[in-house]
1. What are the residues in the stretch 51-70 that are at pLDDT 85 or above, part of a loop (DSSP other than H, G, I, E, B) and open to solvent by less than 10 Å² (accessible area, probe 1.4 Å), if any?
2. Only one residue in LEU229, LEU286, LEU282, LEU296 is part of a helix (DSSP H, G or I) and modelled with pLDDT of 95 or more. Which one?
3. How many residues does the stretch 248-262 hold that are touching a residue at least 60 places away in the same chain (Cβ under 8 Å) and more than 13 Å from LEU282 (Cβ to Cβ)?
4. Among the residues of the stretch 267-312, what is the count of those that are within 16 Å of the chain's Cα centre (by Cα), surrounded by fewer than 18 Cβ atoms within 10 Å (Cβ to Cβ) and more than 28 Å from ALA192 (Cβ to Cβ)?
5. Taking the stretch 232-266 as the region of interest, how many residues are closer than 24 Å to GLU201 by Cβ, over 17 Å from the mean Cα position of the chain (by Cα), aliphatic (A, V, I, L, M) and in a helix (DSSP H, G or I)?
6. Quick check on the stretch 93-101. Is at least one of its residues touching a Leu at 6+ places or on another chain (Cβ under 7 Å), β-branched (Val, Ile, Thr) and at pLDDT 90 or above?
7. Can you list residue pairs whose Cβ atoms sit under 7 Å apart, with the first residue in the stretch 74-88 being free of Cβ contacts under 8 Å to residues at least 60 places away in the same chain and the second being in a helix (DSSP H, G or I)? Count only pairs 6 or more apart in sequence or on different chains.
8. Kindly provide the set of residues from the stretch 80-97 that are of a type in the set (A, V, I, L, M, F, W, C) and under 14 Å from the mean Cα position of the chain (by Cα), ordered by number.
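The values are calculated or read from the model by the stated rules, or taken from the named source; none is laboratory data. None of these values were measured; they are calculated from a predicted model. All Cβ positions, even for glycine, are placed from backbone atoms using ideal geometry, and neighbour counts span all protein chains on display. These accessible areas exclude ligands, DNA and RNA; they are computed on the full protein's heavy atoms, side chains included. Shrake-Rupley method; radii C 1.70, N 1.55, O 1.52, S 1.80 Å.
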Amino acid sequence: MTFDRPPILSRCHFCAADFSPFEEGSVPHGGRTAFDPWQGRLWRICGQCGRWSAAPLDARWEALEACERAARDRGRVRLETQHLTLLRVGGAELVRVGRAPRPEFAGWRYGDRLPECRPRGWWAGLLARITALPGAPPGGVDFHGQPHGHPGAWAAAAFAEHGAALDYVFRHVPMAPSCPGCQGPLPLAGTAFADLRLLDEGSGPAVTAPCARCRTEVLLPLATARAALRLGLAVVNRPLRRVATAEAAGVRVERAGGRQSFVHGLAREHVALGELEPTERLGLGLALDEEAEAELLEQEWREAEELAALMDTELSRVEGFDALRDRALEDD
């Protein structure tokens, strides 16, 4: 005797991209799946458009148990936020709402490899153009009308081998939306990148940056300058992303207590980017990438949670829900 099981979302609700299939009692072999064992919710996260598609109520129960079991027994933590845990399970990733079920099973925060930046849209195109640029200092003129390649601009500058890419970055991504001196977006000269200094003024990590147009020295919260810093560090850290160096950087971040503690520690030392050791510089880029991914993941979850709440009105009254939740969380 056979019967039809409800499908666990074969396509994205928003762009109709195909999802990798759920196998009975297991999790998909690829892509991201999000689940909330407390609320009994399940989403497939589209690799094309990044949207969260909620699974129908009657198609979730076994899949929820499989996700929690895989997270508990085989998951390796890649990223943690206040409300979410991103785990790698084989070739797939699980986003669990709430902390990992047993923190001791995940001794290595970054799993089998460093977290990957997942740029989308305009950001992805910019990053592709940057990585294709030659290393030599560019031609043309800088923000002050001087030739980029003249000896006073790049010959003695740190990161001179990345001159073209750094100038390209800071022409397209300002350090801040507004400079208090000239009132326009705050650009940075590529030659000044190594001299940026991290500070901790008591209100959180910050960075000092000179405006390339009016030369005003501006103190910026690190969150404001993060987009430009991430791109600049991606350029100068390209030669460092070998396995041994990447693992050493990950260990330094982990031993410092995670991304936030690592960045706060550098800020308390008032260190300039050009003074960082290679593993510290790679660790800083890793920490900023992870913070950006964490914020994006939280934002996506909150939007998806609002839609799921509408779909799941009075879910707690559905027969079997309490028993499922207790079973899924019994080992927490």
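1. Passing the criteria: only ALA55.
2. Only one candidate qualifies: LEU229.
3. 2
4. Residues flagged as within 16 Å of the chain's Cα centre (by Cα), surrounded by fewer than 18 Cβ atoms within 10 Å (Cβ to Cβ) and more than 28 Å from ALA192 (Cβ to Cβ) within the stretch 267-312 amount to 3.
5. The qualifying residues number 1.
6. Yes, that holds for at least one residue.
7. So the pair list comes out as LEU87/ALA71.
8. The answer is LEU84, LEU86, LEU87, VAL95.
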